[in-house]
Every structure is written in structure tokens, then in C-alpha cells.
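Report on the structure given below.
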Amino acid sequence: MTASVEEQQFTDLIAADSRIEPRDWMPDAYRKTLVRQISQHAHSEIIGMQPESNWITRAPSLKRKAILIAKVQDEAGHGLYLYSAAQTLGTSRDEMTDALIAGRARYSSIFNYPAPSWADIGSIGWLVDGAAICNQVPLCRASYGPYGRAMVRICKEESFHQRQGFEILLELMQGTAAQREMAQESVNRWYWPALMMFGPPDDDSPNSAQSMKWKIKRHSNDELRQRFVNMLVPQAAVLGVTLPDPDLRFNEATQLYDLGEIDWTEFHEVLAGRGPANAQRLQRRRDAHDDGRWVREAAAAYAHKMAAKPAT
Amino acid sequence: MTASVEEQQFTDLIAADSRIEPRDWMPDAYRKTLVRQISQHAHSEIIGMQPESNWITRAPSLKRKAILIAKVQDEAGHGLYLYSAAQTLGTSRDEMTDALIAGRARYSSIFNYPAPSWADIGSIGWLVDGAAICNQVPLCRASYGPYGRAMVRICKEESFHQRQGFEILLELMQGTAAQREMAQESVNRWYWPALMMFGPPDDDSPNSAQSMKWKIKRHSNDELRQRFVNMLVPQAAVLGVTLPDPDLRFNEATQLYDLGEIDWTEFHEVLAGRGPANAQRLQRRRDAHDDGRWVREAAAAYAHKMAAKPAT
Amino acid sequence: MSVASADVAEYATWLGDDSLILAQRLGELISRAPELEEDVALGNIALDLLGHARSLLQYAGTATAQNEDDLAYWRTEPDFRSAHLMEQPNGDFAHVIARQLVSAHYLYELYARLQASADLTLAAIAAKAVKEVNYHRDHAAQWTLRLALGTDESRRRMVAALSDVWPYVDELFRDEPFIDRLDGIAARPSTLRTAFDAAIEPVLAEADLAVPRGFTAAGGGRRGVHSEHLAFVLAEMQVLTRAHPGAKW
Amino acid sequence: MSVASADVAEYATWLGDDSLILAQRLGELISRAPELEEDVALGNIALDLLGHARSLLQYAGTATAQNEDDLAYWRTEPDFRSAHLMEQPNGDFAHVIARQLVSAHYLYELYARLQASADLTLAAIAAKAVKEVNYHRDHAAQWTLRLALGTDESRRRMVAALSDVWPYVDELFRDEPFIDRLDGIAARPSTLRTAFDAAIEPVLAEADLAVPRGFTAAGGGRRGVHSEHLAFVLAEMQVLTRAHPGAKW
């Protein structure tokens, strides 16, 4: 009976667009979905540091180097908030980290693409963070309180990152012929994978309905993808880059952009561990984790000794 | 009484310019002197790999890269022969390695100088290997058999190395202005340290007399230094480099070159551990040794298992 | 040396870049090996590979009147054709050995086949190289056994290394469309896989190592699409030469 | 910003290069730290140091109408003025912390003193920097305690790291003749040593670490004589910029 009252409370809170908080009762499936989604998001921030950190030592000006370090550091920070949000649901950071390293947890497939060119730092900001924002802005109103609040802070920083990415590309497009080519080549590589970040088409997205009912998710994959392209088209015009979709055009009837066919085979290949950098990304994360073990053990041992020390 | 007969035999062999072999009786001091000298020489080969390996990945042509790899590899080989020669005197390679890593054993101070320039690969060959050859050719007749025989092989390869160094410098001196400057700047840095390789002046070289009596050493430090400069002067003329000694001139009376004052303070500073790269060299050797421990243990464990395996 | 056609030059560049980049990686290790004997052995292997790279790049260069150094030092990353396996960082000694085990077994089958190439220059290079990579194969196999069957630590490291290296095996045996134009001249990569498996699997079996399953890297080196590592290798390799355009060394 | 004299510019380059190279080293670590909190902390420290480097190099550049990037990307090794300590490779985390412990204590005394420089630009840069390096000092000291007093392994590593780093301390406090020309402007290096010792020794004592004895590296960074490591740092740092002369980023 009690459960039923609690369940009613939960349903009412959701219906009223109120927030569920850690001590509130919630259905197991809601908790599980959230842990999966939040930890996946946290892992994405952490793995997402890799393609960008690849350019820290080689950033072509000291200003860009400083901006890039700050950005990668923000991502570590986002990872930390999100792990904290997930921990409020009863899963420890160690468990989540172990799942990531063992290859049992997902992170956004986009980070399995490499960043071989400096322009990729621009494209990651403009396209990848841009897509992330489209996905995440609605999450600021996610029904689970700690998640929504983490997203507010993260979205603010992400939109800053997106602008920085745009500026990198703008500087390149206003630069030498080699720089313009560098920018266009990079946009060509990142455009389609960025569109895939919204996930499979609505008719092939089995979990979306429940997430929308729970107000964890508020728009369908295809809606968000459209919103993203709407945002990109005028920005691409300002940059002077061509979006690599010959079929992209504004449809007067629907008042939306018609998109070319997305290569879902590639999407599924990357998801299945056959992308360009899946192995590299996990190896790097595991190595950092393993190499740091003695340090974490030392910190724990020291903390333990200090706690055991009588006050003097 | 027996000892006395043996001692006489030893003295006779030395007097007859014959070779002492491992199973022959020898005075403790002779053995000790040899172990010190041979292991010091072996350590020098091993530490001497470092300044040169510094340029393997950056050698400016594939031909030079190949020559350089072969050279550094030869040095590892020389180290191996010499450790073997020293082992015939009853000291194990592990003991010698441990003494090196603990900072208890010496190696040639010249390798405490860095190789910041590609031209240094030329200078090391021309000047450092050149000085080594002057030191070592007489050692081919060293009274201790395994040492003398190792030196025969080593000297052959060293003179090959010296010619390669000369060729590197020659190519630079016949190249662009920047290359000529690179060569001269490097010769300026290596010339004096190379002269110091012959050790302190004769009037300040306490151990030389005994080593000469034992026919381990056959010429005094200053004699060898002179011989080296005699060799260098015409070669420098061919190269077109200036030896950085304004006081260097041929003395008609003595038929020898008069040399400028050597900075023995610098010599003693480097010897005392205050040279440019002493710390770096030993740290690198220790790290390679420590990082390799698990590999050596695995090889030993595997060999042990195989030996214990019944033949099938 | 005869003049290579554009297609043959492209193929010689595939092979040459593989050996060049792998030699460069091994070159980083010299004077840092676990024992002096390995400094010598790894130096030998690096020298052999560098020798193959030079022959192949010299031959590739005949198509465009360039020499080996023009190709090694003055191309940029997208013009390199190395496979991702060769670009992988050294890591610990187990990773070096795992990479050697795979690369030497691949190169052996490649050169064994290429000895019969209708292109006589490639055939001659292969005939010399196959003997050398056969030694590299042995060297790697011996160390694989020592590490996999040595101590608990060495086994743990060898298992991890093999699993880290294995995602890069697939690319070696992938046919690019371009290869169709070199019938009788090139060794079609996919056709080498069976022999590779037949040769490497007994080594893994003796070492009690399972063939790893899991990731397969998408690769793309043959099309100029490289791992994030290659740029760092090239930056270091080319820095001096590029600072002195036109200089001879 | 006022225009620096040639001497002041040289001095600002000493300081700027130290921070630039150290920031570059720390930048190599980001996304590889032992825990996420340390990715954030090391990133912060790198950013602070890079900020100091930029202010100092901008100021140095005023003497010759160059900007910070001209100095960072277009000078060659002999024109850099970094001390060898800053050039040392990261090694393990204990080595990173040992280098941070020494460098932050040095930089703290330097900037504390420079706040009173007769050169107002240097004084202003120092006033901002001293607060930041004070935090770096704390960060390093805390980790020194954790590692030295944590586990047997961490203690062993911390002892080795301190001993590896210590040979490079001496150079930081060595007066080059040039410094005589900057009386009242520069902080004479030798005069900072007492304060440095007084600040670092209690940390070492609390960590039960002895001041290492042994090697003293000859140094020479202030005269453009560098460790063998710097060239590799520069090759990587400058590679992209130098491939595009005249480009803006």
C-alpha cells in the first residue's frame, strides 16, 4: 500500500514538472535508466578529453593553448559533477569507472573518432559541443533534480565551448588557403558523426518513449537532429564552410531541412567497437587508471593515517 | 713458496710481452686494476650510447639514421665484450651494473656532456672516438689476454666510427652557412672535453706508473694527448673547422704541438658529479634497468621452467 | 633501379612506410632495452626494417624523381601510408613484443609472397627482406613465450599487450580497391590472412594465449587516415631536416 | 604595456620561458592524471603558469616588437632561457610532484620579491602570480606528504623522485653576470635561496624526506645551454605553427 502512495507521489511530481530528489521514492527502472544515462554522459566527458588533449602540446598559439587547457579541464569538471549526480542514485564512482574500463559501459560514440588536425578542435567545439547542447538543454529540465542542476551548469560551459570552436574555424576560414582547406576537411569528417550523436531515427529508438514519459527526455532524436541542423546552416554560411550533404535543403512545405541519408551502418560499426579509435580510447583510460593506482592508494593510506592520529 | 714461483712466472710473462690469461696466477692489485679499468670502459660504452641515441629518431637522412643505429648498437656490443672480459677476472656483470647504477663505478666523463646538436654526432665520432682510439690502440697489446683481444675488435669498429663522424662534419662544412656554423659550434664544445679524456697531466696521474709497469698502459696521458692533437690538426684543416685553442701551434724545437691551458677545474667538476648531464645519464640507465627488471625475471623464470621440463 | 609506375610506387609506399614507422618506433627504444642483448637485437631489427624502408621508398621515388629522404622527411601525414599497427607507441616491453609478433608474422607472409611478384624490383627486395623478417618472427616468438610463461606479472602484461595490439591486425589484411590494379605485382592483403593465422596461432597456443576478441580498429592508413600517434612520430622525425630546406647531410 | 629595455626583456624571457616550458610539461599530463581531481588541479596549475608565461613574453616582446607567439613558436633552442628543472620529463606522478614542489617554492620566492621591483610591469605580473604559485606550493606540499607517508611504494617513488629532481635546484639560484645590470629590477637568484630553503625544508621534514645529496647539474639554461630534453619539447610545441608561416590562429 505504501509503495502505491509513493508511486502516486512520484507520478504526481513528474506530472507537475516538479523535481525528483535523491531521498524520494522512485521506480527501479527510472533509477536504472538515470544511472545508465548519467554515467554514460560522465564517461563521455572523460573520454571526450582525449581527442582534445591530443592538441594541448601543439596548439598553434599560446592563447589557443590556454583556451584548450581550460576546455579540457572543464570536461574533467563535468565528469566529476555527473559522477556525483549518479552517486546520489546509489552507484559509486569506482563502480562506474570499473564498468567503463572493462568495456561494460557506453560513452558517446563520437569520441571514437580521432582528431588528427588542429581544425578538429574547432569542429569538436562547433559540431560536437553544438550537438551536445541541443541534446542537453532540454535535460536542464530533467525530472531528476541533481541531474537537471548539473546540466544547467554544464550547458552554460558547453555553449561557451561551442562559441570557441566556432571562432577557431572562423579564424581558419579567414586565414590562408591551407587553413581554409584544413577547416573544410575537418568539417567534412565531423558533420555526419555529429548528426549521429542524436541517436537512431525515431522509428528505431526503442527506449525513447519511456524516457519521455518520465521527463528525462523531452524531444525525439529526429526533432533534436532537426533543431541542430537549423542552428548549423546559418552558422556554416557565416563561416563559409560547406556542410558535406549534397541533399541538404530547406523544405518550404515542412519548414524544415531535408537531410541526406545518414550512414547508420557506420554508426553501428562504431557502436560495436569497430570505429577508428575505440580501442585507443579505452586503452588510454585504463592506462591512466592503472598507472594512477599507487597514487590513489598512497592518498588513501595517508588519509587513514591522519584520521587515526590522535589530535595533539 | 708456490706463490713466489707463480709470481715469477707472471713477471716473466709480462717482461716477455706475453699474455696473461684468466686461469693464470696474477697479483690481486693487477686483477683489481684490470677489473676497475675494464668495467669502467664497459660502462663508458653503455652510457656513451645515450648522447647518440638522443638523435636516432631525428637523424636528418635515412642513411645517417641507419649509420647511427648501427653505431649505437656497436657500442652495446662493445659493452658486452668488455663485461665478458671483466667477468673472466671473477666479477659478475650484475655486480658491475649495480656499481654503475649506484654511482660507485666510474665511466668516461666525456659522456656527461650533452648532444644538443646533430653536429655533435659528428664531433662525438671525430673527437671522442678519435681520442678513444688513441687511448685504445695501445691497449690491443694490453698484457691481459681477454682485454687485449676485446680491444682489437673494438678498435677496428671505433676507427670506422671515427671516419663516419668525420664524414658527418665534412658534409656539414660543405653545406649551408647554418650547417657550417652548426659544425663549428659543436667542435668548439667537444674539443676541450676530448683532450681531457686522456686524463690529468702526467705529473698529476698517480696510478699511471704501476699500470705501465704491468703493461696495461703503455704511454703516458700527455704523450697520448699529443698524439691525438697531431692527428687532429691536419684533419681539421681538411674539414675547414677551427680548433678552439688560440695557443695551438707547432713547435719546431720539440716537433710537437704546443697546447693552450686545459681547464682542469672543469674536468674535476664533471668528475665530482657537477657536469652537465651526470644526473641525467645515471637516471636514464637506472630507469632502463629498473623498467626491465620484470622482463629479466620473466626470462629467468622461463629458462628455469624449460630446464626443469622432462624431455619428451 | 627500374622506374616504378604510379601504382607500383603507391604500393611500395605502403610497404616502405610500414617499415619506416616501425623502425622509428624501435629506434626510440635503443639504449633503453631491458638488457644489453636486447639493445643489440632491437637495434638489428630496426636496422633491417629501415633497410627495407629505404629500398622501397627509393623505388617508390623513381616514379616522381624523388629520393628516399624526400619521401621520408617532406611528406605530410595524409601522404603517409603506414598501417596503424606500426604507429602504436612502444608502451612496455610486452607491447613492443606483441607488436613485433604481429608485424613480423605479417611481413613474413607478405615478403614470402612478393618474392614471386611480376615486378622484379619488388621481388628482389622481398627476397632479401623475407630472410630478415623470419629472424624477427623468431625473436618475437621466443619473447612471447618467455613473457607469457615466465612470471605472473609478465604473463599479465603479455595478455594485456596482445589484447591492446590485436585491434590493429585487421587493417593489415584489408584490400583497398586500388590493389585490383596490381594483379600479379602486389600481394593482395586479404589472401595473406590464412597463412598469417596458421603461423601465429601455434605460437599463441604454445604461449597459452588466446586470440584476443573485442575491438577492431577501423584503420585507414593506406588511405592516409592515421592514428593520432603518427603526427607525433613525424614531428620528431622530420624536425631537423625541415629546419634546413635544401641541405644535404 | 610599457616597453621593456633589452635587459629587462632578457630577464622577462628567463621567467617566461620557465613557466612556458613547465606549463607545456604539465599540459602533456592532462587527461592522464591518477584521478580526475588531479586532471583539474594540474590543468589549473598549467593554466596559471601559461598565463604568467604569456604576460612575461608579451612584455619581453615589447623590446623587439614581437608578440608572445613570435617568441614561443619562432625562437630556436639556443634562444630559450628555461632552467633545466622545467625541461625535465614528467616521469611518474612522484616526479611530477617533486618538480612541482621545487619549482613552486622557487617561483613563490621569486614573485614575492619581484612584487617590489622597480619595473612596474614586472611588479604587477609578480603580484598576481605570487598568489597563484602559493596555491601550487600547497598543492605540491600536500602531495609530497601523501606520497612520502602513504604506502611503501609511494614512499620509495617519492624518495627517488626528489633525488632525481634535486640536481636541478642549484641552477635556479645561480647568478649570471647579466643580472648585475638589473639591480632593483630583477630578483638576484642567489639571494632567494635562503628563503627557499627555509620554506621547503619543513615540508621535507614533515614528509620525513632528507634533502638529497649527490649530483648538481651544471645547467646553463639562462645562457641558452639546455638539457637534451628541451629540443623534443620544442619540436612538438612548434610543429603546427611552423608548418604555416604567417598564419593567424
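The values are calculated or read from the model by the stated rules, or taken from the named source; none is laboratory data. Just so it is clear, the model here is predicted, and its values are computed rather than measured. Neighbour counts run over all protein chains shown; Cβ positions are idealised from the backbone, glycine included. Just so you know, the surface numbers come from the protein's heavy atoms only, side chains and all, with ligands and any DNA or RNA stripped out. Shrake-Rupley method; radii C 1.70, N 1.55, O 1.52, S 1.80 Å.
Under 5 Å from the amide H of B:Ile20 lie the amide H atoms of B:Tyr144, B:Gly145, each residue being 5 or more positions distant or on a separate chain, with H modelled from the backbone and absent for Pro and chain starts. What a 1.4 Å probe finds exposed on the range A:16-67 is 48% carbon and sulfur by accessible area, rounded to a whole percent. Here the contact order of chain B, divided by its residue count and restricted to Cα pairs under 8 Å and six or more residues apart, works out to 18 percent.
Where in the range A:93-117 is the amide nitrogen less than 17 Å from a point lying 7 Å along the Cα-to-Cβ axis of C:Thr64? No residue qualifies, since no backbone N sits under 17 Å from the label point.
Starting from the label point of D:Phe178 at 7 Å along Cα→Cβ, the same points in the other copies fall at 5.0 nm, in ascending order. Distance to the A-onto-B rotation axis is smallest for one chain A Cβ; residue and value in angstrom are A:Asp291, 7. Measuring spread by the Cα atoms of chain B yields a radius of gyration and Dmax of 21.2, 79 Å.
Annotation: the protein assembly as shown has a Kirkwood hydrodynamic radius of 32.5 angstrom, from the mean reciprocal C-alpha pair distance. Solvent-accessible area per residue in the range B:220-269 equals 55 Å², computed with a 1.4 angstrom probe and all protein chains kept. Between this copy and the others, label points of A:Arg149 are 8.1 nm apart in ascending order, each placed 7 angstrom from Cα in the Cβ direction. Across the accessible surface of chain D, with the other protein chains kept in place and a 1.4 Å probe, carbon and sulfur atoms take up 52 percent. FRET efficiency for the B:Ala253 to B:Glu223 pair, using the beta carbon distance and R₀ = 22 Å, is estimated at 0.80. Helical content alone sets the calculated 222 nm signal of chain D at -21000 deg cm²/dmol, taking -39,500 (n - 2.57) per DSSP H segment of four or more residues and averaging over every residue. For the set A:Lys71/A:Lys309; A:Lys63/A:Lys217; D:Lys131/D:Lys248; A:Lys156/A:Lys213; A:Lys65/B:Lys71, the pairs lying more than 29 angstrom apart at their alpha carbons are A:Lys71/A:Lys309; A:Lys63/A:Lys217; D:Lys131/D:Lys248; A:Lys65/B:Lys71. Compute a Gaussian network model of chain A, connecting alpha carbons closer than 10 Å, and tell me which residue from A:Asn207, A:Asn112, A:Asn135 fluctuates the most. Checking each option, the largest mean-square fluctuation is seen for A:Asn207. Over chain C, one equal point on each Cα, no solvent: what is log10 I(q)/I(0) by the Debye formula at q = 0.07, 0.10, 0.11 Å⁻¹? The Cα Debye sum returns log10 ratios of -0.22, -0.46, -0.55. Rounded to 0.05, the FRET efficiency of the D:Gln142 and B:Asn188 pair, given R0 = 45 Å and the Cβ-Cβ distance, is 0.45.
Label zone of D:Arg223 (point 7 Å out along Cα→Cβ, amide N under 14 Å): in the range D:163-200 this covers D:171, D:174-179. Dividing the summed helix terms, -39500 (n - 2.57) for each DSSP H run of n ≥ 4, by the number of residues in chain A produces a 222 nm estimate of -20500 deg cm²/dmol to the nearest 500.
Residues of the range D:73-113 whose accessible area, computed with a 1.4 Å probe over protein heavy atoms, drops by at least 40 Å² once all protein chains are present relative to their chain alone are D:Tyr73. Association of chains D and B removes close to 1400 square angstrom of accessible area from solvent, both sides included, for a probe radius of 1.4 Å.
Extending 7 Å from the Cα toward the beta-carbon at both B:Val238 and B:Glu297 defines two label points whose distance is 5.2 nm. Summing charges over neighbours of A:Met173, with a neighbour being any other residue whose Cβ is under 14 Å away from its Cβ, gives -2 when K and R count +1 and D and E count -1. Indicate the gyration tensor shape class of the range C:106-249 (rounded, prolate or oblate), computed on the Cα atoms with a ≥ b ≥ c the square roots of the eigenvalues: a/c under 1.5 is rounded; otherwise a/b larger than b/c is prolate and the rest oblate. Oblate, because a/c is 1.5 or more while a/b does not exceed b/c.
So, for chain C, what is the accessible surface per residue at a probe of 1.4 Å, expressed in square angstrom? Spelled out: the 1.4 Å probe surface of chain C, per residue, equals 35 Å².
Counts of other chain beta carbons within 10 angstrom of each beta carbon in peptide B:284-293 average 4. Surface composition of the range A:90-204: carbon plus sulfur atoms hold 52% of the accessible area, using a 1.4 angstrom probe and ignoring ligands, DNA and RNA.
Across peptide D:147-156, the average count of Cβ atoms from other chains found within 10 Å of a residue's Cβ is 5. Summing charges over all other residues whose Cβ lies under 12 Å from the Cβ of D:Arg156, with Lys and Arg as +1 and Asp and Glu as -1, gives -2. In this simple spin-label model, placing a label point 7 Å from the Cα along the Cα-to-Cβ direction at both D:Asp79 and B:Phe160 gives a separation of 4.2 nm.
Each of D:Thr194 and B:Leu271 was given a label point 7 Å from its Cα along the Cα-to-Cβ line. The distance between the two points is 3.5 nm.
When both the range A:136-172 and the range A:264-278 are represented by their alpha-carbon centers, they are found 26 Å apart. Calculated accessible area for the range A:17-155 comes out at 30 Å² per residue, all protein chains present (probe 1.4 Å; ligands, DNA, RNA ignored). Axis between D and C by rotation; chain D residue with nearest Cβ and distance in whole Å recorded as D:Ala235, 3.
Ranked by the mean number of other Cβ atoms within 10 Å of their residues, highest first, the peptides C:187-195, B:157-165 come out as B:157-165, C:187-195. With a 10 Å cut-off around each Cβ of D:229-239, the average count of Cβ atoms from other chains is 6.
Using a 7 Å projection from Cα along Cα-to-Cβ, the label point at B:Gly240 is separated from the same position in the remaining copies by 4.7 nm, smallest value first. In the range D:184-217, burial by the other protein chains removes 30 Å² or more of 1.4 Å probe accessible surface, compared with the chain on its own, from D:Phe215, D:Thr216.
Residue ranges D:167-175, B:198-206 sort as D:167-175, B:198-206 when ordered by packing (mean number of other C-beta atoms within 10 Å per residue, highest first). Using R0 = 25 Å, the C-beta based FRET efficiency linking C:Asn90 and B:His304 works out to 0.35.
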